[in-house]
Amino acid sequence: MRLLKSIQLKLESLAALDGVSSMRMVIPPVVRTGAVESEGDAILKANLVRDQTLANGSGVKVGIISDGADNYASAVATATCPAASRS
């Protein structure tokens, strides 16, 4: 309880600063989801494009923004992420 009160006081101090116009809670990201179709995929209707063009990304090099490499082997095993190639 003491920790929560301390955090609340620090947040109130931050909120009172002249340069702060608003504060809100950050919703934690979904991490390590594995082989799933993401919301972005459906929003952009990328699944429909893939179905119509038969494109699957083969031969395309992709950079990954990740929360870490802890589950890389699992992502490769489930075909969520291809094995890295060095060229």
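Summary table
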quantity	calculated
Qualifying residue in segment 60-79 (condition: over 19 Å from the mean Cα position of the chain (by Cα), of a type outside the set (Asp, Glu), at pLDDT 85 or above and surrounded by 10 or more Cβ atoms within 10 Å (Cβ to Cβ))	no
Matching residues, segment 70-83, being without any contact (Cβ under 8 Å) to a residue 40 or more places away in the chain and under 15 Å from residue 58 (Cβ atoms)	81, 82, 83
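Rundown of residues vs (1) touching a His at 6+ places or on another chain (Cβ under 8 Å); (2) surrounded by 10 or more Cβ atoms within 10 Å (Cβ to Cβ); (3) at pLDDT 85 or above, yes/no style:
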residue: 1; (1), (2), (3): no, no, no
residue: 16; (1), (2), (3): no, no, yes
residue: 22; (1), (2), (3): no, no, yes
residue: 28; (1), (2), (3): no, no, no
residue: 31; (1), (2), (3): no, yes, no
residue: 36; (1), (2), (3): no, yes, no
residue: 39; (1), (2), (3): no, no, no
residue: 43; (1), (2), (3): no, no, no
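The values are calculated or read from the model by the stated rules, or taken from the named source; none is laboratory data. No experiment lies behind these values; they were computed from the predicted model shown. Positions of Cβ are backbone-derived with ideal geometry, glycine not excepted, and every protein chain shown enters the neighbour counts.
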